[in-house]
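J.: Below: one structure in C-alpha cells.
The values are calculated or read from the model by the stated rules, or taken from the named source; none is laboratory data. Note that the structure is predicted; figures quoted are calculated from it, not measured. Note that we place each Cβ from the backbone using ideal geometry, even for glycine, and neighbour counts take in every protein chain shown. These accessible areas exclude ligands, DNA and RNA; they are computed on the full protein's heavy atoms, side chains included. Shrake-Rupley method; radii C 1.70, N 1.55, O 1.52, S 1.80 Å.
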Amino acid sequence: MNPFRSVGARLALALAVVVAGALAVVWVALVPSLERRLVNGRLAELAASARAIAREIPAAANQDFVDEESRATDARVVYFNPLGGGQPALAPIFDSAHLAFSQDVVRDPVALRAVSRPGIQRGRVERGGNTYAEVAVTDRYGNILLIASPLRHTLEDVDLVRARLLWSGLVALGLALLVGYGAASIFAGRIRRIERAADRIAAGNFEHTVDDTARDELGQLAAAFERMRLQLARLDDARRAFIANASHELRTPIFSLGGFLELLRDEELDAETRREFLATMSEQVERLSKLATDLLDLSRLDAGPMRLEQEPVRLPDVAHDLCEEFSAVALRLDHPLSALVDGEGVGLADRERVLQIGRALVDNALLHTPPRTAVRIVARGSTLAVEDDGPGIPGEHQEQVFARFTRLEGSRASGTGLGLAIAREIATRMGGSLELASRPGRTVFTVRLPAFSRENGSRATVPQCAPPLSR
C-alpha cells in the first residue's frame, strides 16, 4: 500500500495544511500591522517633540540649541529657512548632523510639505539606503523644523519577529506532521483491527471478539461489529443445529420407509400387518411433506415479498375448521380440543395463511403439552388464539420459541423449529402480529389481524370436536 495514500499520511497532511493556513493568516495579519504600528508610534513621538520645540525655539536659535534638542529626541534636528521662488526650496541654517550644506535634506519631501501646508507634516522617507521617520513643522518665525529618526532598529525588530515567526511556523509545521501522523497511525491501526475482524466474520470465524473500548465513533463501530458477530454466531449455531436436525428428520422417515419397503417384499405378510405397515409409511410421508413445506415457506419468506390475499376472513369459521381438522389428532394424543367463539369477528387477511398459522399453533399445543391437557381455539373479534392448560413456557424462553431453527430443551416432541417462526413472519406480513403470553397452567398464542368489521355478539361455544375423554 502506498504510504502517502494511507489514513495516517492524509490526516497528517490535513493537519499540516491547517497549521500552515493558520500561520499564513498570522503572518499576513501580524507582521505588516506590527511594522506599521511601530513606525506610527515613532512618528507620534517625534510629532509631540516637534510641537514642543516649535513653541520653545528662541528668535536667536543657534547650533547649540539644535544639538541639545537632537540629544533630547534621539533624532536628527535640522532648522531650515524656506526660500522663495517658483519652486519651494530650503536653506539649512543649523543641522545636528553637522553636515556641510546638509545636501541630503534640502529637498526633503516632508520638510517641503511643511512649507506649503500648516500643522505637523509626517512621513516615512528612504534616503541613502536607510529608512527614516520624519516630522516637520513651521515655527512662529516662518522657519521649518525637521526631525528625522532612523528606523533601522525598529525595522530590525520587525525582521527579528518575522524570522522567529517563520522558524516557529516551520517547527510547528514539522510537529504537526509528526504528531498528526503518529495520532493518525494509531487511529488507522484501530481501523485495521476492525477490518481484520470484519474479514474474520466474513470468513465465518466468529470465535474472536471485536475489542475496542474507546467511546468515540470507532469504538461505537467496533461495538456494532461485536453485536453483529454475536448475532451471526447465534445464527450460525442455529443453522448448524438445523442442518443436523433436518438431516435427522429426513433420515429417520427415509430409513423407516426403506425398512417397511423391504418388509413388504415378504409375500408371507398377512393383510392386517400390511395395513399397519402402510399406515406407518403414510405417517412418515406426511412427516416428510410437512418438513418440505416448512422449508419451502421459509425460502419464500427469505426471497422477499410473498403473495398474500387481502380478503374478509370469518375467524369463527377458521376456529371451527381447525377444531374439525385436528380432532382425530387430539383424540389420539389424549387432548380435549374445543373451539370458542366470542362474536362474529372478521379479519382482513389471507384465509389460507390464517389456517396455516392456526395449524402451527394447534399442532404446537398438542405436541408440546402433557396428555389430557385441554386445548382451546378462541375466535374473538379480529383475533384468533390457541390456549392450553399446560406447564407454560418460562419467561426467558418466550421470545426464543419464535426464533428460526430453535427448539426448547426438554421439549416433548421433535420438530424442525420452524413452525412458530414462519407463523409470526406471515402474521406480520399480513399487517398483524403473533403474541405469546404464558405462565404455569396457561399458555396463549394470539394472532391479531387487521379488523374488517366489528360486530358484537353473545359468546358462543362450538361443541367439542371430539367427545370428552375419560380420565
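J.: Within region 15-38, is even one residue surrounded by 13 or more Cβ atoms within 10 Å (Cβ to Cβ), modelled with pLDDT of 85 or more and β-branched (Val, Ile, Thr)?
T.: Scanning region 15-38 turns up no residue that is surrounded by 13 or more Cβ atoms within 10 Å (Cβ to Cβ), modelled with pLDDT of 85 or more and β-branched (Val, Ile, Thr).
J.: Taking the options Leu235, Leu230, name whichever one is at pLDDT 80 or above, closer than 26 Å to Leu420 by Cβ and within 36 Å of the chain's Cα centre (by Cα).
T.: Step by step, each of Leu235, Leu230 is checked, and only Leu230 is at pLDDT 80 or above, closer than 26 Å to Leu420 by Cβ and within 36 Å of the chain's Cα centre (by Cα).
J.: From the list Arg162, Arg200, Arg190, which residue is in contact (Cβ under 8 Å) with a residue 60 or more places away in the chain, open to solvent by less than 90 Å² (accessible area, probe 1.4 Å) and either among the basic types (Lys, Arg) or under 30 Å from Glu126 (Cα atoms) (or both)?
T.: It is Arg162.
J.: Give the residues of region 55-85 that are assigned to a helix (DSSP H, G or I) and either surrounded by fewer than 17 Cβ atoms within 10 Å (Cβ to Cβ) or among the acidic types (Asp, Glu) (or both), sorted by residue number.
T.: Arg55, Glu56, Gln63, Asp64, Asp67, Glu68, Glu69, Arg71, Ala72
J.: Somewhere in region 125-134, is a residue assigned to a loop (DSSP other than H, G, I, E, B) and β-branched (Val, Ile, Thr)?
T.: no
J.: Going through Leu99, Leu112 one at a time, which residue ends up being under 22 Å from Pro150 (Cα atoms), open to solvent by 20 Å² or more (accessible area, probe 1.4 Å), modelled with pLDDT of 85 or more and hydrophobic (A, V, I, L, M, F, W, C)?
T.: On inspection, the qualifying residue turns out to be Leu112.
J.: Take the residues in region 124-141 that are in contact (Cβ under 8 Å) with a residue 12 or more places away in the chain and out of contact with any strand residue (DSSP E or B) (no Cβ under 7 Å at 6 or more places or on another chain), then tell me which one is farthest from Val28 (Cα to Cα).
T.: Here the answer is Tyr141.
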